[in-house]
Amino acid sequence: MARFHPLPVAAVDRLTDDSVALTFTVPPELREEYRHSPGQHLALRRLADGTEIRRTYSICSPAPDPAGEGPGTLRVGVRLVEGGAFSTYALKEITVGDELEVMTPAGRFTLEPAPGLYAAIVGGSGITPVLSIASTLLAREPEARFCLIRSDRTAASTMFLEEVADLKDRYPQRLQLVTVLSREEQQAGLPSGRLDRERLTALLPALLPVDQVAGWFLCGPLGLVQGAEKALRELGVNRAHIHEEIFHVDAGAAPATAVPAPAHSTVTARLDGRGGTWPVQDGESLLETVLRNRPDAPYACKGGVCGTCRAFLVAGEVRMDRNFALEAEETEAGYVLACQSHPVTEKVELDFDR
Ligand code: FES
């Protein structure tokens with residue numbers, strides 16, 4: 001069960017003009033709770049003018065060794081989003097010694113280190129979880145190789161430039177690094193321009209043996225991830241080998257259709273071992289209904305992107321406005337995003353503990 005704890009900020013490192021890395025200290029008694037897999041994220045929350053704001057940020061530091069103790073520090077990357085209530089605060093106000101409310105790690109955009117060839121296509125701040133995935137994999141698995149294809153506007157706007165260069169220095173044979181800058185000329189031979197489906201379909205077979213890649217990790221803005229997925233499918237890659245995490249979905253990307261809930265619909269929810277049944281008000285999501293009665297219900301983005309509100313649909317039927325977080329296997333297995341779900345049947349039952 002996800003929980004928040006106050007964690008002190010140990011470092012604030014400026015990465016680019018519009019991004020920082022925040023490092024938190026994890027006290028020994030909480031290290032087990034903050035044990036994470038490479039690729040997971042943390043939700044941070046703050047109260048501003050009486051309103052609670054939550055945002056998720058991916059962990060960029062390597063995951064702890066399963067045989068050792070949990071992490072003593074956690075580092076996340078934060079990029080400024082225009083008008084973003086949390087990112088503006090993170091970039092302008094947070095200083096060393098502040099305490100922030102940090103949720104225990106969540107997310108299924110993860111890699112279990114194993115020998116083999118892995119690859120990632122990332123755009124902008126999408127490098128953040130992939131930095132953790134690549135550094136954990138290369139450190140733990142001497143037989144693993146990683147191909148990192150990253151796309152950014154300019155070198156100056158590229159997050160974790162030094163960290164990625166250090167990783168390349170440490171594993172020159174096992175890390176293949178390809179950087180594509182869309183707004184800057186590069187040295188001869190290096191690609192520039194936008195990484196879209198057509199570019200990738202042509203570029204990927206020239207870079208690596210596409211059919212031998214054990215896992216593809218696509219992370220970044222919606223357009224890049226969708227384009228990369230189409231390119232991979234065109235190249236014959238099985239959907240089961242593709243993992244996706246989308247950052248920054250515009251509010252208008254999948255407009256919600258206002259379908260009224262059946263009259264007197266109720267949601268029964270099980271959360272942290274305790275259950276309850278509550279009436280759903282017209283237009284609200286099932287997460288909103290549950291939150292009014294159980295403020296400890298897990299969520300972060302409320303936008304169908306982070307997956308924190310995932311719940312198992314035990315009974316009834318729901319309609320989801322949009323889903324950028326759950327894989328097809330998860331929805332087929334019966335999982336839904338509570339923040340995007342509205343009742344279709346009069347009775348709906350959710351289990352947040354499954
Ligand atoms: S809270 Fe992020 S997907 Fe529902």
*Once you put a point 7 Å from the Cα of Thr345 and another 7 Å from the Cα of Glu329, both along the Cβ direction, what distance in nm separates them?*
2.6 nm
*asked:* Using a Cα-Cα cut-off of under 18 Å, which aspartates and glutamates could be cross-linked to Lys347, ignoring same-chain neighbours fewer than 8 residues away?
replied: Asp282, Glu284, Glu288, Glu317
_Skipping prolines and chain starts, which residues have an amide H placed within reach, meaning under 5 Å, of the one on Arg145, given they are 5 or more residues away or on another chain?_
Gly116, Leu117, Tyr118
_Which of rounded, prolate or oblate describes the chain when judged by the alpha-carbon gyration tensor and an a/c cut-off of 1.5?_
prolate
_Whole-Hz ³J(HN,Hα) for each residue in the stretch 123-137, computed from phi via Karplus 6.51 cos²θ - 1.76 cosθ + 1.60 with θ = phi - 60°, x for glycine and proline: what do you get?_
x, x, 6, x, 5, 4, x, 6, 4, 5, 4, 5, 5, 5, 4
_What aspartates and glutamates does Lys168 reach when the alpha-carbon gap must be under 19 Å and sequence neighbours fewer than 8 apart in one chain are set aside?_
Glu141, Glu143, Asp152
*Once you put a point 7 Å from the Cα of Thr88 and another 7 Å from the Cα of Thr277, both along the Cβ direction, what distance in nm separates them?*
4.5 nm
*Return the long-range amide H neighbours of Ala300 (sequence gap of 5 or more, or a different chain), with a cut-off of under 5 Å between placed amide H atoms.*
Thr308, Cys309
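Any read-out appearing in this document is the output of simple, stated calculations on the displayed coordinates, not a laboratory observation. Everything quoted here is computed from the prediction, not taken from an experiment. No Cβ is skipped: glycine too gets one built from the backbone with ideal geometry, and neighbour counts run over all protein chains shown.
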